[in-house]
Structures are given as structure tokens and as C-alpha cells.
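So the structure is just underneath, and the comments pick up after that.
The values are calculated or read from the model by the stated rules, or taken from the named source; none is laboratory data. Here the structure is a predicted model, which is why all the values come from computation and not from measurement. Quick reminder, even Gly has a Cβ in these numbers, built from the backbone with ideal geometry, and neighbours come from all protein chains shown. To get the accessible areas, we keep the full protein, side chains included, count just its heavy atoms, and leave off ligands, DNA and RNA. Shrake-Rupley method; radii C 1.70, N 1.55, O 1.52, S 1.80 Å.
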Amino acid sequence: MHDRAISRSSRTRTRSLAGAAAAAAVVVVMPAVAFAQSSLPGGSSGSLDTSLIPPGILFPPEVGNGAGDGVEVVEGPAVRATTVMEGLNIPWDVVRTPDGTVLTGERGGRMVVQEPGDEQRTVQIDLPGLVRQSESGLMGMAVDRDFAENREIHVCWSRSADGERDNRITTFEAADDWSELTKVRDTLTGIPLGEEGIHSGCRLLTAPDGTLYVGTGDTYTATAPQSPDSLAGKTLHIKPDGSPASGDSVVHTIGHRNVQGLAIDPDSHRVYSAEHGPDAHDEVNLLQPGANYGWNPNVDGRYNQNVPMTDTEEFPDAVEAVWSSGEQTLAPSDIEFLRGSEWGRVGGGARDGQPQEPEARPPPTQRGRAVCRRLRRAPRG
């Protein structure tokens with residue numbers, strides 16, 4: 001849920017009410033309703049080279065609402081949504097294996113699978129010490145690039161046990177019949193878990209080279225986003241065994257508030273993140289290794305959200321977002337690149353014989369709360 005600049009007790013109560021919403025479903029969405037087309041200004045402060053940004057990146061507020069500065073709302077094709085799974089309680093992520101099997105996890109700890117042509121069913125998984133609190137629990141998942149050979153699924157979840165409290169990535173092996181997921185290893189531990197369980201991040205993304213990108217939240221901790229000693233408020237880049245993908249650190253970028261979405265441009269392989277602002281000012285960022293994205297809620301040692309999402313005054317080299325919602329609240333929960341000519345003006349398929357850039361969009365929101373938590377492109381686009 002997209003949190004407001006209100007008192008801590010009010011914020012916690014609001015989140016609890018949102019968590020009690022009716023059971024959810026996993027749906028397949030085919031070409032969409034309305035989108036906003038970004039007109040990115042030339043140049044930016046910090047180290048971002050805007051020539052790297054594909055023209056016309058699209059985002060989906062309702063027509064005339066929430067587009068943000070310099071964003072044109074355009075009509076897209078009609079949507080047809082098909083329910084794939086139903087009766088779910090806060091499904092946080094959904095992944096698809098190479099054979100078309102769909103796997104989702106409820107934040108409370110239940111895994112649910114649906115193989116092609118079969119009915120959905122529960123998959124046994126052991127998550128000892130699972131923290132089911134606020135914005136924490138069973139969250140991000142990623143299918144290993146070599147799943148066809150090793151059947152490994154990477155899971156990001158919140159844990160408190162044996163004197164340890166953290167968000168961690170654990171790798172599981174799926175049984176051939178999907179009856180259970182068996183632990184293979186704790187791939188990465190020590191990602192901070194806040195006292196109240198908010199701003200946990202935990203988005204996972206498998207890159208074409210088999211490495212994993214990880215989005216973390218600032219855990220509502222003043223110093224975490226800018227601290228080189230904390231994995232909170234960062235994006236991370238690791239190999240499947242948890243070691244750094246490059247260099248001697250797993251940290252990829254710093255200065256983030258609460259990363260909720262990750263996507264890779266399938267043509268350029270550029271990596272983008274979607275991030276919640278404190279009330280408005282939601283962002284999409286182009287991630288550059290080693291860059292600082294400027295979130296610093298540390299005001300006299302206390303967490304204060306009344307600061308810029310990208311503080312270029314304190315951090316002159318901070319990289320500004322490639323898109324922001326401005327004063328509107330969109331609360332993106334994930335982003336995905338749309339492919340296929342059926343998406344029309346917002347798609348990445350060939351048209352008139354000329355290839356077009358794929359477009360990234362976050363899912364729609366409802367009163368500041370994400371309607372869908374995860375977007376996953378199906379084989380047919």
C-alpha cells in the first residue's frame with residue numbers, strides 16, 4: 001500500500017484495513033484501456049544521460065488524471081482480462097515457468113500453483129519464522145534462468161527466528177509434480193526488516209544472463225538508504241548463489257525509498273525500477289550501477305518523509321527519475337514491458353515495417369492501493 005504522510009498509528013491502522021480486503025485473483029490481462037505518454041525533458045541533473053531513454057515511455061493513469069507534468073494521456077486498445085487463479089489472499093507475486101506453469105504466493109505464506117490444463121492447488125513450503133506483518137511476509141519470487149535443468153525458484157520473504165530478524169532470499173527446488181518446494185540454500189540474508197514491517201521491498205527479477213536483481217525498501221529507517229553498510233533502500237545485483245554479480249559488493253544502486261517494481265528492456269537490456277513516493281511523486285528510474293537516486297529521510301537523526309525523492313541539493317550527482325507522477329498518487333506495484341502489435345500505440349511490435357520501442361507501465365491503482373501486485377508478460381504478449 002502507498003503510505004501517506006500521517007501519524008504512525010494512523011498509517012498502521014490504514015494498512016491493516018487494506019490488508020483485510022476481499023480475496024484476490026490472478027488474471028491475464030490482454031491489451032489495455034488508457035495510457036499516459038511521457039515527454040521527457042532534455043537533460044537532467046545528476047549523471048543520467050537522457051539519450052538512453054526510449055522515446056514515448058507510457059504509464060497508465062485514467063484519462064485526465066494522474067499523468068504528471070509533461071505526460072500526454074493516450075488511448076490504448078480495449079482490455080480483456082481472464083481469471084487464471086481465484087480465492088487468493090494478498091497474492092504478492094506471480095511467476096511463470098518455461099512450460100507455462102503459473103506460481104503465486106500469498107503474503108501469509110501459502111504457495112499456489114496451476115499447471116497448464118490443470119486446476120490450482122496448494123504447494124507445500126516451509127518458511128520457519130515467517131513474519132506476517134504490515135508490508136512483510138512471503139513476497140517476491142523469480143524463476144531461475146536454468147529452471148528447466150534445476151527447477152529452482154528464488155523467494156524473498158521476511159523472517160524472525162533464532163535471534164535474527166531480516167528479509168532474505170531463499171532458493172527452493174520444485175518437485176516434479178509440484179507437490180512441494182524444498183529448500184536448497186539461503187541465497188542472501190541480512191536484508192533489514194523494519195520494526196513495524198513496512199517498506200520491505202523484496203522485488204526479484206531474473207536477468208537474461210541468469211543473475212538476479214533485488215529491490216529493497218528503506219524499512220522506515222532514517223540512515224538506511226544512504227548507508228553503505230545497509231542493504232535497505234537499495235537495488236542489489238547478485239548471482240544465483242548470492243555472491244555479487246560484479247565487483248565485491250551486492251549493492252547495485254543506493255538512495256531508494258521503497259522499490260516495488262523491476263523490469264528489463266528486452267531489446268536494450270536496460271534495467272528500470274518503479275518506486276513509491278511518500279504520498280505522491282511515485283517514480284520510474286533507469287538503474288545505473290553505482291548511482292545514487294537521492295532519497296535521504298535522515299533529518300537530525302530521525303526519519304522524515306518531507307524531503308525530496310531525489311535530493312540533488314545534498315547529493316549533486318543524484319540521478320533523477322526518468323518519470324514521476326508529480327503531485328498525483330499512482331502507487332505502482334510493478335512494471336513490465338509490453339510486446340506485440342496488438343498493444344497498438346503502446347506496444348513494442350513492428351508496425352509499418354519499423355520496429356518500435358517496447359513500453360514500460362505500472363499497474364493501475366485504486367485510492368492509492370495497488371489493484372494488482374505483479375505484472376508478468378505471457379508468451380503471446
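Of all residues in the stretch 197-222, those that are modelled with pLDDT under 95 have Cβ atoms under 7 Å from Cβ atoms of residues that are open to solvent by 10 Å² or more (accessible area, probe 1.4 Å) and of a type in the set (A, V, I, L, M), 6 or more apart or on another chain, in 197/131. The set of residues from the stretch 157-171 being within 17 Å of residue 210 (Cβ to Cβ) and buried (at least 24 other Cβ atoms within 10 Å of the Cβ) comprises just one member, 169.
Restricting attention to the stretch 86-106, the residues that are open to solvent by 40 Å² or more (accessible area, probe 1.4 Å) and outside any strand (DSSP E or B) total 4. Would the stretch 328-346 turn up any residue that is aromatic (Phe, Trp, Tyr), open to solvent by 40 Å² or more (accessible area, probe 1.4 Å) and either farther than 26 Å from residue 140 by Cα or in a helix (DSSP H, G or I) (or both)? No, because not a single residue in the stretch 328-346 is aromatic (Phe, Trp, Tyr), open to solvent by 40 Å² or more (accessible area, probe 1.4 Å) and either farther than 26 Å from residue 140 by Cα or in a helix (DSSP H, G or I) (or both). Evaluating residue 63 against the criteria (1) more than 21 Å from the chain's Cα centre (by Cα); (2) among the hydrophobic types (A, V, I, L, M, F, W, C); (3) at pLDDT below 95; (4) crowded, with 16+ Cβ neighbours inside 10 Å leaves one unmet condition, (4). Taken over the stretch 189-204, the criterion of being under 15 Å from the mean Cα position of the chain (by Cα) and either open to solvent by 20 Å² or more (accessible area, probe 1.4 Å) or basic (Lys, Arg) (or both) is satisfied by 203 alone.
Restricting attention to the stretch 306-324, the residues that are touching a residue at least 60 places away in the same chain (Cβ under 8 Å) and crowded, with 17+ Cβ neighbours inside 10 Å total 8.
Restricting the stretch 210-236 to residues that are charged (D, E, K, R) and crowded, with 24+ Cβ neighbours inside 10 Å, the residue that is nearest to residue 278 (Cα to Cα) is 218. Taking the conditions exactly as written (over 24 Å from residue 168 (Cα atoms) and touching a strand residue (DSSP E or B) at 6+ places or on another chain (Cβ under 8 Å)), does residue 319 satisfy them or not? Yes.
Looking only at residues in the stretch 125-148 that are small (Gly, Ala, Ser), over 24 Å from residue 99 (Cβ atoms) and open to solvent by 20 Å² or more (accessible area, probe 1.4 Å), the one that is modelled with the highest pLDDT is 129.
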